[in-house]
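A.B. asks: I'd like to ask you about the structure that follows.
The values are calculated or read from the model by the stated rules, or taken from the named source; none is laboratory data. From a predicted model like this one, the values you see are computed outputs, not experimental measurements. Cβ placement follows ideal geometry from the backbone for every residue including glycine, while neighbour counts extend to all protein chains displayed.
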Amino acid sequence: MEFVIGIKGPDFVMLAADTTAARSIVVFQQDEDKMVKLGTSTCMAICGEPGDRDQFSEYIQKNLTLYKLRNGYEMSSVAAGNFTRRNLAEYLRSRTPYYVNLLLGGVDADTGPVLYFMDYLASAIDVPFAAHGYGSYFCLSILDRLYHPNLTRAEAVDILNRCMQELRQRFIAQIPAVRVKIVDATGIHSLDEAIPQKDRPTTDVPAFKFV
């Protein structure tokens, strides 16, 4: 029932993840952070088995930090994506595979924005938009209809808002809120830092709770 979504713009990547921590029919908390900072301009939204999610994301994060300490510079977003995919593939072929699905987004000075779609089978592809979880069944058609390459940040937030309203209306599970990060060449920003409320588009779609 977890849900993560990513949208790539001309100079940014927007990532969002639900904030629910649950097991079977029990909800443990509703302020879980499923976003992991991998670098100055690289971020990952990850979902899956809670133990696998925490261990794998921390393993990738700490190894990228170690790379920076040893070499004096960070891996690019493209390199971080390939490093993550390789580790996911190696563990898949071991006795301790990680059951995680993730979206990795970042902006490099030379290659621009990238958004990698990865699943627990270690597939990886750079896509303009993507989603994981049952919520993706309701959102991919909206993304396909409204997405265009020159998307502004405000338009990306509006698309995300429409996706969340569709989930609220159609999806059997309750998603109380989503955590949103916008990644650009200057770093990783929360939604309010990147787009003030007064600058967001006004539509007939009521606002959803973004944190």
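A.B. asks: Pick out, from the stretch 47-162, the helices (runs of 4 or more DSSP H) lying fully within it that include 3 or more residues that are out of contact with any helix residue (DSSP H, G or I) (no Cβ under 8 Å at 6 or more places or on another chain) and either under 20 Å from Pro10 (Cβ atoms) or among the aromatic types (Phe, Trp, Tyr) (or both).
C.D. replies: On the way: elements: 50-71, 77-92, 136-146.
Counting at least 3 such residues, we get 77-92, 136-146.
Table: residues versus (1) out of contact with any Ser or Thr (no Cβ under 7 Å at 6 or more places or on another chain); (2) modelled with pLDDT of 95 or more.
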residue	(1), (2)
Asn82	yes, yes
Ala89	yes, yes
Tyr98	yes, yes
Leu102	yes, yes
Gly105	yes, yes
Val114	no, yes
Val127	yes, yes
Gly133	yes, no
Leu143	yes, yes
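A quick yes/no check of all residues on (1) crowded, with 16+ Cβ neighbours inside 10 Å; (2) of a type in the set (A, V, I, L, M, F, W, C):
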residue: Val4; (1), (2): yes, yes
residue: Ala21; (1), (2): yes, yes
residue: Val27; (1), (2): no, yes
residue: Gln30; (1), (2): no, no
residue: Ile60; (1), (2): yes, yes
residue: Pro97; (1), (2): yes, no
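A.B. asks: Working only within the stretch 79-109, note down all residues that are over 15 Å from Thr40 (Cβ atoms) and touching a Gly at 6+ places or on another chain (Cβ under 7 Å).
C.D. replies: Tyr99, Val100, Asn101, Leu103 - these are the residues of the stretch 79-109 that are over 15 Å from Thr40 (Cβ atoms) and touching a Gly at 6+ places or on another chain (Cβ under 7 Å).
A.B. asks: Run Phe171 past the list (1) surrounded by 15 or more Cβ atoms within 10 Å (Cβ to Cβ); (2) within 17 Å of the chain's Cα centre (by Cα) and report the number of the one that doesn't hold.
C.D. replies: With respect to (1) surrounded by 15 or more Cβ atoms within 10 Å (Cβ to Cβ); (2) within 17 Å of the chain's Cα centre (by Cα), Phe171 is out only on (2).
A.B. asks: Would you mention how many residues in the stretch 179-199 are in a helix (DSSP H, G or I), modelled with pLDDT of 65 or more and over 16 Å from the mean Cα position of the chain (by Cα)? Before the answer, list the steps.
C.D. replies: As a first pass, look at the stretch 179-199 and keep what is in a helix (DSSP H, G or I): 191-194, 197-199.
Next, from what is left, pick out any that are modelled with pLDDT of 65 or more: 191-193.
Among the residues that remain, those that are also over 16 Å from the mean Cα position of the chain (by Cα) are: 192-193.
Within the stretch 179-199, residues that are in a helix (DSSP H, G or I), modelled with pLDDT of 65 or more and over 16 Å from the mean Cα position of the chain (by Cα) number 2.
A.B. asks: Taking the stretch 163-178 as the region of interest, how many residues are under 22 Å from Ile46 (Cβ atoms) and outside any loop (DSSP other than H, G, I, E, B)?
C.D. replies: Let us first name the residues in the stretch 163-178 that are under 22 Å from Ile46 (Cβ atoms), namely 163-164, 167, 171, 173-178.
Adding the requirement that they be outside any loop (DSSP other than H, G, I, E, B) leaves 163-164, 167, 178.
Qualifying residue count, the stretch 163-178: 4.
A.B. asks: Select from the stretch 6-19 the residues that are under 14 Å from the mean Cα position of the chain (by Cα) and of a type in the set (D, E, K, R) and write down the one among them that is surrounded by the fewest Cβ atoms within 10 Å (Cβ to Cβ).
C.D. replies: Out of the qualifying residues, it is Lys8.
A.B. asks: Scan the stretch 137-161 for residues that are surrounded by fewer than 17 Cβ atoms within 10 Å (Cβ to Cβ) and either in contact with an Asp or Glu (Cβ under 6 Å, 6 or more places away or on another chain) or in contact (Cβ under 8 Å) with a residue 40 or more places away in the chain (or both) and jot them down.
C.D. replies: Tyr147, Pro149, Asn150, Thr152, Ala154 - these are the residues of the stretch 137-161 that are surrounded by fewer than 17 Cβ atoms within 10 Å (Cβ to Cβ) and either in contact with an Asp or Glu (Cβ under 6 Å, 6 or more places away or on another chain) or in contact (Cβ under 8 Å) with a residue 40 or more places away in the chain (or both).
A.B. asks: Restricting attention to the stretch 25-46, which residues are touching a residue at least 12 places away in the same chain (Cβ under 8 Å), more than 11 Å from the chain's Cα centre (by Cα) and in a strand (DSSP E or B)?
C.D. replies: Hits for the stretch 25-46 are Leu38, Gly39.
A.B. asks: Modelled with pLDDT under 90 and of a type in the set (Asp, Glu), is that true of Asp31? If you could, list the steps in order and put the result at the bottom.
C.D. replies: Working: modelled with pLDDT under 90: yes; of a type in the set (Asp, Glu): yes.
So Asp31 passes the test.
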